[in-house]
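Just below is one structure, and these are the notes that go with it.
The values are calculated or read from the model by the stated rules, or taken from the named source; none is laboratory data. These numbers come from a predicted model, not from an experiment. With ideal geometry, Cβ positions are generated from the backbone for all residues, glycine too; neighbour counts draw on all protein chains shown. Note: accessible area is taken over every heavy atom of the protein model, side chains too, but ligands, DNA and RNA are not part of it. Shrake-Rupley method; radii C 1.70, N 1.55, O 1.52, S 1.80 Å.
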Amino acid sequence: MRAPGSRSALGSLLVGLASVATLPVAIYATRYFGAYELLDAGWAIPVAVGLGLAAIALARRSRIQAAVSLASPRGRGVAGVGRFLGFLGLCMAAAALVALGVYGLLEYVGSRD
C-alpha cells in the first residue's frame, strides 16, 4: 500500500521537471526548424507557468494528504523538490516574459525613428 500523498509528490516532481524544461526545449527547437523563430518560443511561457503552478499545487496536495493521514509521512522530500522545481519554472517564465517585454520595447522605440 502506498503512503498518502506519494502519488501527488511524484506528480509534483514530474510536472516541476516539465515546467523547468519547457522553455529551454522551446528555445532549442528554434535551431532546427526553419519556420520556428526565437520569438515564437515565447508561446511556451504560458505552458511553463501552467506547469509550474500545477507542480506547486500537487506538492501542496501531497503535504496536506500526508499531514491528515495516520501513516508515516512519505514523499515529503519529493514534494519539496517538486515545489522547488515549480517555483523555478515560474521564475524562468517570468525572466522570459521580461526579456520579451524588453525586446518589444526596444523594437517599438527603434521603429519610431
Completion exercise
A59 passes all but one of the listed conditions (1) modelled with pLDDT of 95 or more; (2) open to solvent by less than 30 Å² (accessible area, probe 1.4 Å); (3) not acidic (D, E); the exception is number (1)
Practice task
Would you mind stating whether S6 is surrounded by 19 or more Cβ atoms within 10 Å (Cβ to Cβ), on the phi < 0 side of the Ramachandran plot, at pLDDT below 95 and over 18 Å from the mean Cα position of the chain (by Cα)?
Solution key: yes
Practice task
Could you check, for the stretch 96-110, whether at least one of its residues is at pLDDT 90 or above and surrounded by 16 or more Cβ atoms within 10 Å (Cβ to Cβ)?
Solution key: yes
Exercise for the section: Identify all residues within the stretch 63-75 that are closer than 20 Å to L17 by Cα and either modelled with pLDDT of 75 or more or of a type in the set (S, T, N, Q) (or both); write none if there are none. Expected result: R63
